[in-house]
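Colleague: Dropping the structure in here first, questions after.
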Amino acid sequence: MQQDLFTHGDDQLETCIRLAMPDADVCYYPDFLSADQAQHYFNVIQDSLLWHQEQISLYGKTFQMPRLQAWYGDKEARYSYSNLNLTPNVWTAELLSLKQRCEQQCAAVFNSVLANLYRDGQDSMGKHADDEAELGQQPVIASLSLGATRTLLFSHKETKQSMKLPLAAGSLLVMKGTTQQFWLHAIAKRKTAVAGRINLTFRYIYPDI
Ligand SMILES: O=C(O)CCC(=O)C(=O)O
Ligand SMILES: [Mn+2]
């Protein structure tokens, strides 16, 4: 991994760890939020979002998604995901303020956020790319982690190269460029006891696609 220091805004310096992944543009900011801020947002978001457990249909069978989800955003930011069609809830004050911080950090605009709550180590997310048509060609995805550290597993679609990245509380992972085109990512189950974790992925949904 290579460390880049770069400026954003006036004279503020942010440390970005740029991951050594071919065909990708992935940047990790370990200290995007302070420990206190991360704990505060974890508590408020866990208590205030309208969490629900989706059902997924696979090979004619119905399964419960192994995590809770909630979708917030601007009215027009409708999203289809694993055959689900999600209408966004109206932004909460905390989500809006985190969205603005992510926009500033990424020099990008987001109109929605997918929130995932991993209740314990048995909750997970399967291998996928954030490559739905409504995200556009080379989406910028800002992924903010709160609560317990869980490992994100990247795997290259062609070469099968893999890469593990523990996502700590208060960290921001920014995926952009060709990342979704060439790489899959997943959160694996953990056998040992793990406390709750919330991940927020800020996205821009093109309303007319
Ligand atoms: O929980 C994570 O870090 C990954 C979430 C994710 O990949 C998604 O919401 O698409
Ligand atoms: Mn994803």
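The values are calculated or read from the model by the stated rules, or taken from the named source; none is laboratory data. Every value quoted in this text rests on a predicted model; they were computed, and no experiment measured them. Positions of Cβ are generated from backbone atoms using ideal geometry, with glycine treated the same way; all protein chains shown enter the neighbour counts. Surface accessibility is based on the protein's heavy atoms, side chains included, excluding ligands, DNA and RNA. Shrake-Rupley method; radii C 1.70, N 1.55, O 1.52, S 1.80 Å.
Colleague: Does region 129-140 contain any residue that is under 24 Å from residue 193 (Cβ atoms) and acidic (Asp, Glu)?
Modeller: The answer is no, given that none of the residues of region 129-140 is under 24 Å from residue 193 (Cβ atoms) and acidic (Asp, Glu).
Colleague: Right, something else. For region 167-182, which positions are of a type outside the set (A, V, I, L, M, F, W, C), out of contact with any Phe, Trp or Tyr (no Cβ under 8 Å at 6 or more places or on another chain) and assigned to a loop (DSSP other than H, G, I, E, B)?
Modeller: Within region 167-182, 177, 178 meet the criteria.
Colleague: Still on this model: Hey, could you check region 108-124 for residues that are charged (D, E, K, R) and surrounded by fewer than 20 Cβ atoms within 10 Å (Cβ to Cβ) and say which is nearest to ligand 2 (Cβ to nearest atom)?
Modeller: Once the filter is applied, the top-ranked residue is 119.
Colleague: Is it true that residue 154 is within 15 Å of ligand 2 (Cβ to nearest atom), of a type outside the set (A, V, I, L, M), touching a His at 6+ places or on another chain (Cβ under 6 Å) and at pLDDT 95 or above?
Modeller: In short, yes.
Colleague: Taking region 188-209 as the region of interest, how many residues are assigned to a loop (DSSP other than H, G, I, E, B), within 16 Å of ligand 2 (Cβ to nearest atom) and out of contact with any helix residue (DSSP H, G or I) (no Cβ under 8 Å at 6 or more places or on another chain)?
Modeller: Residues meeting the conditions: 1.
Colleague: Looking at (1) part of a loop (DSSP other than H, G, I, E, B); (2) over 16 Å from residue 134 (Cα atoms), which is the only condition residue 185 fails?
Modeller: Evaluating residue 185 over (1) part of a loop (DSSP other than H, G, I, E, B); (2) over 16 Å from residue 134 (Cα atoms) leaves (1) as the failure.
Colleague: Something else now. If we keep just the residues of region 76-96 that are open to solvent by 10 Å² or more (accessible area, probe 1.4 Å) and within 18 Å of residue 140 (Cα to Cα), which is modelled with the lowest pLDDT?
Modeller: 81
To keep it simple, each residue is scored yes or no on (1) open to solvent by less than 10 Å² (accessible area, probe 1.4 Å); (2) in contact with a Pro (Cβ under 9 Å, 6 or more places away or on another chain).
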| residue | (1), (2) |
| --- | --- |
| 66 | no, no |
| 102 | yes, no |
| 106 | no, no |
| 126 | no, yes |
| 137 | no, no |
| 145 | yes, no |
| 149 | no, yes |
| 155 | no, no |
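Colleague: Every residue in region 157-176 that is touching a helix residue (DSSP H, G or I) at 6+ places or on another chain (Cβ under 8 Å) and open to solvent by less than 50 Å² (accessible area, probe 1.4 Å), please.
Modeller: Of everything in region 157-176, those that are touching a helix residue (DSSP H, G or I) at 6+ places or on another chain (Cβ under 8 Å) and open to solvent by less than 50 Å² (accessible area, probe 1.4 Å) turn out to be 169, 170, 172, 174.
Colleague: Related question: Does region 197-209 contain any residue that is open to solvent by 20 Å² or more (accessible area, probe 1.4 Å) and among the charged types (D, E, K, R)?
Modeller: Looking through region 197-209, at least one residue is open to solvent by 20 Å² or more (accessible area, probe 1.4 Å) and among the charged types (D, E, K, R).
Colleague: For the structure I just gave you, tell me whether residue 169 is more than 14 Å from ligand 2 (Cβ to nearest atom) and under 13 Å from the mean Cα position of the chain (by Cα).
Modeller: Spelling it out, residue 169 is indeed more than 14 Å from ligand 2 (Cβ to nearest atom) and under 13 Å from the mean Cα position of the chain (by Cα).
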